[in-house]
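Here is the structure we will look at, set down as structure tokens.
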């Protein structure tokens with residue numbers, strides 16, 4: 001059984017999912033990787049709250065388009081571009097039209113091909129285009145920035161709950177976090193997301209959750225068909241695609 005105490009596990013998750021320098025309990029990370037999955041949605045919420053504070057400080061000081069650019073930069077940079085890297089590797093592998101083993105090998109390659117560049121540009125532009133109309137309304141853009149990272153990290157644990165780990169060995173980064181706890185983590189994350197979303201937006205939040213979960217499940221099914229499950233790269237891609245879907249839904253619903 002994993003050693004589970006929430007605050008050490010939260011610190012472990014923060015060190016993995018963000019660039020925040022948190023040294024406390026770092027020596028225990030090896031025993032806390034699987035337990036830290038419980039904290040993934042909470043980390044997403046903390047990322048969102050910090051982003052909302054930054055956006056609040058910038059609101060009215062910089063043009064709306066600049067605010068939207070800062071928001072995209074923050075959403076990507078707070079993780080050290082970890083999830084964008086996973087998205088790029090996933091694009092190169094899954095879109096290569098090769099067999100399963102070759103796809104897995106391509107995803108391990110740190111070099112980026114044309115598929116990776118195209119998908120990265122489209123996702124980043126999609127996020128900017130979705131945030132830009134929201135940036136004109138302070139009461140809309142701030143809740144959106146709170147909930148979007150929350151949705152992305154919850155999508156990760158939902159995917160871990162419904163897909164097996166695709167690599168035969170557990171040496172990959174994603175394999176360090178896989179455990180039976182993913183199902184409970186996904187349930188807790190979805191309940192918290194529903195409660196917070198309803199408190200901030202009422203029933204108008206429903207399309208955001210619906211589209212985000214739809215994209216998450218469709219991408220999970222695609223990964224199952226292509227490589228038989230999930231890897232660390234596809235989990236990062238899941239976060240990026242769920243965030244894009246959430247922001248797109250926010251833009252359609254509230255702009």
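Could you tell me whether the stretch 17-162 comes out rounded, prolate or oblate from its Cα gyration tensor? Rule is a ≥ b ≥ c as square roots of the eigenvalues, rounded for a/c under 1.5, then prolate if a/b exceeds b/c, otherwise oblate. Judged from the Cα gyration tensor, the stretch 17-162 comes out oblate (a/c at least 1.5, b/c at or above a/b). When the chain is treated as a GNM with alpha-carbon contacts under 10 Å, the residue of 55, 71, 194 showing the greatest mean-square fluctuation is 194. May I ask for the distance between the Cα centers of the stretch 83-147 and the stretch 209-255, given as a whole number of Å? That distance is 10 Å.
When the Gaussian network model of the chain links Cα atoms closer than 10 Å, the mean-square fluctuations of 46, 147, 244 top out at 46.
In terms of its C-alpha gyration tensor, the stretch 81-205 has an oblate overall shape, because the principal axis ratio a/c (a ≥ b ≥ c, square roots of the eigenvalues) is not below 1.5 and a/b does not outweigh b/c. Subtracting the Cα-Cα distance of residue 199 and residue 214 from 0.36 nm times their residue separation leaves 3.2 nm of extension gain. In a Gaussian network model over the chain where Cα atoms closer than 10 Å are linked, find which of 99, 89, 136 has the largest mean-square fluctuation. Highest fluctuation among the options: 99.
Remark: spin-label model distance residue 138-residue 118 equals 4.3 nm, labels positioned 7 Å along the Cα→Cβ axis. Neighbour counting of Cβ atoms within 10 Å sorts the residues 234, 139, fewest neighbours leading, into 139, 234. For the chain, the longest principal axis of the Cα atoms and the long axis of helix 6-17 meet at an angle of about 90 degrees.
Taking Cα Rg over 2.2 N^0.38 Å as the quantity of interest, determine which of [x] 1.05; [y] 0.97; [z] 1.24 was computed from the displayed structure. Computed from these coordinates, Cα Rg over 2.2 N^0.38 Å corresponds to label [y]. One decimal place: the segment residue 49-residue 221 gains 58.8 nm when fully extended, by the rule 0.36 nm per residue minus the C-alpha distance. If R0 is 25 Å, the Cβ-Cβ spacing of residue 252 and residue 57 corresponds to a FRET efficiency of close to 0.40. Axis of helix 181-201 versus longest Cα principal axis of the chain: the two differ by about 10°, to the nearest ten degrees.
Among 103, 115, 160, sorting on how many other beta-carbon atoms sit within 10 Å of each Cβ, with the fewest leading, yields 115, 103, 160.
The relative contact order of the stretch 6-254, computed from alpha carbon pairs under 8 Å that lie at least 6 residues apart in sequence, is 27 percent. So how tilted is helix 114-134 from the main axis of the chain? Cα-based, degrees 0 to 90, rounded to 10. For 114-134 against the chain, the angle is about 30 degrees.
Readers should treat all values here as calculations from the given coordinates under stated rules, not as data from a laboratory. In this text, all values refer to a predicted model and were calculated from it rather than measured experimentally. So basically every Cβ, Gly included, is an ideal-geometry build from the backbone, and we count neighbours across all protein chains shown.
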